[in-house]
1. So how many residues does the stretch 265-303 have that are over 21 Å from Val434 (Cβ atoms) and either assigned to a helix (DSSP H, G or I) or free of Cβ contacts under 8 Å to residues at least 12 places away in the same chain (or both)?
2. Does the stretch 129-140 include one or more residues that are aliphatic (A, V, I, L, M), within 30 Å of Trp306 (Cβ to Cβ) and buried (at least 16 other Cβ atoms within 10 Å of the Cβ)?
3. I need the full set of residues from the stretch 435-461 which are surrounded by 22 or more Cβ atoms within 10 Å (Cβ to Cβ) and aliphatic (A, V, I, L, M), in order please.
4. With the structure loaded, tell me whether Gly566 is modelled with pLDDT under 95, assigned to a helix (DSSP H, G or I) and not basic (Lys, Arg) or whether it fails that test.
5. From the list Leu575, Leu557, Leu525, Leu499, which residue is open to solvent by 40 Å² or more (accessible area, probe 1.4 Å) and either assigned to a helix (DSSP H, G or I) or in contact with an Asp or Glu (Cβ under 9 Å, 6 or more places away or on another chain) (or both)?
6. For residues in the stretch 326-347 being small (Gly, Ala, Ser) and within 21 Å of Val209 (Cα to Cα), which is farthest from the chain's Cα centre (by Cα)?
7. Identify, by number, the condition in (1) modelled with pLDDT under 90; (2) within 25 Å of the chain's Cα centre (by Cα) that Gly18 doesn't meet.
8. Tell me, please, whether a residue that is at pLDDT 90 or above, among the polar types (S, T, N, Q) and under 26 Å from Trp497 (Cβ atoms) can be found in the stretch 415-437.
Amino acid sequence: MTLIASILQPLDYGIIVGFLLSVIIIGAWAAKRASKSAEDFFLSGRSMPWWLLGVSMVACTFSCDTPNLVTDIVRQQGVAGNWVWWAYLLTGMLTVFVYAKLWRRSALNTDLGFYEIRYAGRPAMALRGFRAIYLGLFFNVVIMATVSLAAIKIGAVIFGFSAAKTLVIALVAVGIYSTLGGLTGSIWADFYQYTVAMVGAIAAAYFAVKLTAPDGAGTLSTLFSNAAVQSKMAMLPATTGAGWKSSLMTILILPVAVQWWATWYPGAEPGGGGYIAQRMLSAKNEQNAVGATLLFNFLHYALRSWPWLIVALASLIVYPDLASLQQAFPDAAAQYVKHDMAYPAMVAKLPVGWLGVVVASLVAAYMSTIATQLNWGSSYLVQDFYVRFVNKKASPRNQVLVGRLCMVALMVLTGLLALALENAKGGFDLMLQVGAGTGLLYLLRWFWTRINAWSEISAMVISFLVACFFQWWAPSLGLEGWLKSGWRAEWLNYTAWKLILGVVVTTIGWLAVTFLTPREPEELLKSFYEKVRANASELPRGILCMVFGCLAVWSCLFGCGYLIYGIGGVTGDKLLGGGMLGLSAVATTILMLLVGREERR
């Protein structure tokens, strides 16, 4: 194997090292403020403006594993396969126009504090403590390990590093600035890192197109005229040909009709939660919380998809199959040679200087996500477990110290788990399965007073048990084979069947528990609704805004795509692209009028 590290020039190294040092400086700059109190360390003193928070939110979801995941999807399912995450725009826009202001009004330290203002007694207390460990430790480590798997593949392809060496360097680097600067340092670093990451993504797409011709002078026409690429370009799944029913149901209908409201996924929680809620809680006021989440959804879905998609499509020409990837990197462990490795493999072919910029952008993406996950996870462990159950009189400085120690522990566990994973798509599917069926509860709990602590406990337990059943027991019982055969395979693949069954079983389970257990005390419910002012009569306006928001973003996303296709010579797509961008402008105007009318009320 010819290690790419051998062709990295001093300029590339200088760019990468300079970037790392600049991020550490940001963390050091924010350290003094972060050390004042837990609120400063975990919530930036609740003083953040909407534009900074919005960019921070999107930076958190832009990790080095994200382009790898998109590449994996495109190479196996085509561009249309990305509906598996594009569909989450629905819950994102619902969070903007219904839930963002409710979170900010709650004035909580973490979103887990919701349990003890909405539910009563020991069940609420136990739920808060358990979720702090379950999400802050176990689930959080799984997320960070999945992200770190991408770092391992980038380290192997770009530098020729072993998995362990990559993890030590990556986690230590991000650990320094995240433990120093707290949320304030992370948010300002996110702004800087997102800028670097987008420049790198666009540069990677530009040079990837050039690589589609043997002489290195490829164009969009070269890319889109290739037969292997043409079969993957459609933005909607096919409605003809072999397997079209399963493809249509799995790629489009299931995500849009069910997945967005029924499943829980970090960064796309129904009703908001996790680090998205953390940033809403750190906003100056309700308006800044709403503005931040709106900006996040535009940047997340409309702006950044196409650079990744272009690289993924180009990789089909340069590395048409896994065998070609293995041949190009023969010393890479077979465990890591999956379709998601094609993205760093394409990056490795960039010219001097630009290679340093793009590698720095991938480092930026990794650091922004890991820093956020560390701060978010430690906030649960400190505020929802340590202070709540272990040391209720902990001083502000003690809380910050414990938070930093928790970050170190989380990094160590992340490194150990990352060594056992194989590809990003597998981790994505596992997290969807674990959260299947819980999403509807998170949407309804703000408005439906009948939901109680036992509803949440049962939803969490049932969804986890169902995921374990499919992971370990379904194959031995013959269920996996049955779902993969006959009419069942014709309509849905096995992953989709697992998701649907998980949603059905979990939803029926928590609804049954809800009606079999008593409702929460009236005094508590009255106090909760006085605090957050959740009003069901406002839902129709919120849903209307959600519809126009989704129309604006999706039209922009596909309009940009069709314009790119048209520039590459695909007949008629320039006109279609222009029309969709016009539709996006109209939908955005109507949305702003609706929002302005609400603010004047």
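The values are calculated or read from the model by the stated rules, or taken from the named source; none is laboratory data. In this text the structure is predicted, and so the values were computed from the model without any measurement. Neighbour counts run over all protein chains shown; Cβ positions are idealised from the backbone, glycine included. These area figures cover heavy atoms from the full protein model, side chains too; ligands, DNA and RNA do not enter into them. Shrake-Rupley method; radii C 1.70, N 1.55, O 1.52, S 1.80 Å.
1. 21
2. Scanning the stretch 129-140 turns up no residue that is aliphatic (A, V, I, L, M), within 30 Å of Trp306 (Cβ to Cβ) and buried (at least 16 other Cβ atoms within 10 Å of the Cβ).
3. Listed by number, the residues that qualify are Ala436, Leu441, Ile451, Ala453, Ala459, Met460.
4. Yes: the conditions hold for Gly566.
5. Leu575
6. If we take residues in the stretch 326-347 being small (Gly, Ala, Ser) and within 21 Å of Val209 (Cα to Cα), then Ala328 is farthest from the chain's Cα centre (by Cα).
7. All conditions are met except number (2).
8. no
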